[in-house]
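The values are calculated or read from the model by the stated rules, or taken from the named source; none is laboratory data. These numbers were taken from a predicted model, which means no experiment stands behind them. Cβ atoms come from the backbone with ideal geometry, glycine included; neighbour counts cover every protein chain shown.
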Amino acid sequence: RAGMSRSINLAVIPGDGIGQEVVAQGLKVLNAVLPQDVKLETKEYDFGARRYHATGETLTEADLAALKKHDAILLGAIGDPSVPSGVLERGFLLKLRFAFDHHVNLRPSRLLPGVATPLAGQPEIDFVVVREGTEGPYTGNGGTIRKGTPHEVATEVSVNTAFGVERVVRDAFARAQARPRKKLTLVHKNNVLAYAGHLWTNVFTKVAEEFPEVTTDYIHVDAATIYLVTDPGRFDVIVTDNLFGDIITDLAAAVSGGIGVAASGNINPSREFPSMFEPVHGSAPDIAGQAKADPTATVLSVALLLRHLGYDNEANRVEEAVSADLGGRGDTSRTTDEIGDALAVRV
Ligand code: ATP
Ligand code: MG
């Protein structure tokens, strides 16, 4: 970034429930890690359940225009039991993902020292799932006929385009190339889902020619769920479609320290639109307002945000601070704020 003026213009969406609590810690750490000469500007947006109840709005065209001006977005969590299921997911999260073309959903899984895993021993876990974000069965294509009758038929069409598959596969190859092990695994179900499977497998094989240093591998999604539990060390980078990625990343989070430490990025690699970084967990209404939420996932999302914007050293420092702090994990009495303070001191 030499020669560029150093500033970050960040949109902050605390959202609902513990989103408010964890985002405050993410910002605390971001402020602490950035060098003096980097100007951090933040603007807070009130999307989520309260805004929906007050105005009936989830995300308007004007909101999108305002958000577009930022370099990146930090999100806590959106969702509340008082809002009918699906309204905020489709009206906010999916809408934003499609509007800003967040086609790379990045979810790293790293089992850090001192973090409990349900797996036996302390396996080496350090992989990244690159999940396609804008296609597959999540595009709303399909329908129902003879609704409500015993003869109801529902279809949910999985959309896979050569363009969409190729850009996410290429992104995954580039990420694998940049990692020490340089290994990329395609996860699909190409023996049964033959049309989409053919497209994914063909594109994967074709793009592989551009990355001769990357070792490639293919696993059916059902087998992948077994290996994620029995041999997670075999994975380096995984690329997969929207639905499989949704499912295996929850499993990946469960084996690598749980929902409290799982970070994610919804990325537009071209930077045409701002990318959004958020913890994998939701608004956790059951513990909201009790200072019990673990802000680690949000802080690790801040590290992804920093790396996306080219602040690699700062991203590394945030991740190292988290690793170092996790030694003190036995202490479950620490509040959300105390963990945030400890991380801000360490960076
Ligand atoms: P969503 O539909 O938004 O994914 P959810 O109800 O499926 O929401 P979460 O909100 O992620 O899931 O909560 C799942 C469980 O994990 C809850 O019991 C919650 O208390 C717990 N949990 C989630 N995030 C955290 C966190 N940061 N720290 C501690 N516990 C958490
Ligand atoms: Mg959930």
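What the table shows:
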{"item": "Check on VAL168, buried (at least 17 other Cβ atoms within 10 Å of the Cβ) and in a strand (DSSP E or B)", "result": "no"}
{"item": "Matching residues in segment 268-282 - criterion: being among the small types (Gly, Ala, Ser) and within 16 Å of ligand 1 (Cβ to nearest atom)", "result": "GLY282"}
{"item": "Unmet requirement for LEU96, which otherwise passes all of (1) closer than 22 Å to ASN9 by Cβ; (2) free of Cβ contacts under 8 Å to residues at least 24 places away in the same chain", "result": "(2)"}
{"item": "From ALA116, ALA65, residue being surrounded by fewer than 21 Cβ atoms within 10 Å (Cβ to Cβ), without any contact (Cβ under 8 Å) to a residue 24 or more places away in the chain and either not basic (Lys, Arg) or not in a strand (DSSP E or B) (or both)", "result": "ALA65"}
{"item": "Which numbered condition VAL255 fails, given (1) surrounded by 17 or more Cβ atoms within 10 Å (Cβ to Cβ); (2) within 15 Å of ligand 1 (Cβ to nearest atom)", "result": "(2)"}
{"item": "Which numbered condition GLU278 misses (of (1) more than 16 Å from ligand 2 (Cβ to nearest atom); (2) among the charged types (D, E, K, R); (3) closer than 21 Å to LEU93 by Cα)", "result": "(1)"}
{"item": "Every residue from segment 284-305 that is touching a Gly at 6+ places or on another chain (Cβ under 7 Å), under 21 Å from THR332 (Cβ atoms) and crowded, with 24+ Cβ neighbours inside 10 Å", "result": "ASP294, PRO295, THR296, ALA297, THR298, VAL299"}
{"item": "So ALA284, is it modelled with pLDDT of 95 or more, away from ligand 2 (no atom under 16 Å from the Cβ) and aliphatic (A, V, I, L, M)", "result": "no"}
{"item": "Considering residues of segment 176-195 that are assigned to a helix (DSSP H, G or I) and surrounded by fewer than 20 Cβ atoms within 10 Å (Cβ to Cβ) only, the residue nearest to the chain's Cα centre (by Cα)", "result": "GLN177"}
{"item": "Filter result for GLU314 (more than 16 Å from ligand 2 (Cβ to nearest atom), over 23 Å from ALA77 (Cα atoms) and at pLDDT below 95)", "result": "no"}
{"item": "Check on VAL29, within 21 Å of the chain's Cα centre (by Cα) and in contact (Cβ under 8 Å) with a residue 60 or more places away in the chain", "result": "yes"}
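This table checks each residue for (1) among the aromatic types (Phe, Trp, Tyr); (2) more than 23 Å from ALA297 (Cβ to Cβ).
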site	(1), (2)
VAL12	no, no
GLY15	no, no
GLN20	no, no
GLN36	no, yes
TYR52	yes, yes
THR55	no, yes
